[in-house]
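In what follows, a structure is listed as structure tokens, so that the remarks can point back to it.
Please treat every number below as a calculation from the coordinates, not as lab data. Please read all numbers here as calculations on a predicted model, not as lab measurements. Note: ideal-geometry Cβ built from the backbone for every residue, glycine included; neighbour counts use all protein chains shown.
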Amino acid sequence: MLKNPSIKSASPHLTSPEQNQNIWAGGGILTATVHVQPELNSQRADNVQFRLDGKKVDEAQTGLSYTLDNLDRDSHILALSVVDQKGKVLITSKSVLFHVHRKSTAKNRQPAQLQAIATIIRGN
């Protein structure tokens, strides 16, 4: 049983990104934001711990937003936990699946290369 009944009714959730959201991030940058109700308990030194794809992101913090950078082009899962000063997880949010799209780093083909490829395909 939880020592503090207010934790039982707490509802931390990510407000950004949204579930199944497509993120077009040139540098793979995303700012995640959180809503925690009731607010974090400063007497217990509550913090927020973000997890990206199951791994801790940086140290636990009191801030309710975190900027992730250099995210790979792929689908990712983000979640957060409210933890006490010893790092004990008090409550965890639902996970959010989001998809990062980044501009391709492949170099554009030159017109002569494209014409050569078309010639090969046509068999001329």
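Bridging of LYS86 to aspartates and glutamates at a Cα separation below 16 Å is possible for ASP46, ASP58, GLU59, once same-chain residues fewer than 8 apart are set aside. Amide H to amide H, with H built 1.01 Å from N, ILE91 comes under 5 Å of VAL82, counting only residues 5 or more places away or on other chains. Near ASN41, the amide H atoms lying under 5 Å from its own belong to ASP46; only residues 5 or more places off or on other chains count, and H is placed 1.01 Å from N.
The rule of thumb for compact globular proteins, 2.2 N^0.38 Å, goes into the C-alpha radius of gyration of the stretch 8-74 1.21 times.
You can think of it this way: the chain between VAL89 and SER11 has 26.7 nm of extra reach, that is 0.36 nm per residue less the Cα-Cα gap. On the beta carbon distance between LYS103 and VAL57, with R0 = 22 Å, the FRET formula returns roughly 0.40. Converting phi to 3J(HN,Hα) with the Karplus coefficients 6.51, -1.76 and 1.60 and the offset θ = phi - 60°, the stretch 15-22 yields 9, 8, x, 8, 4, 6, 6, 8 Hz in sequence order, with x at every glycine or proline.
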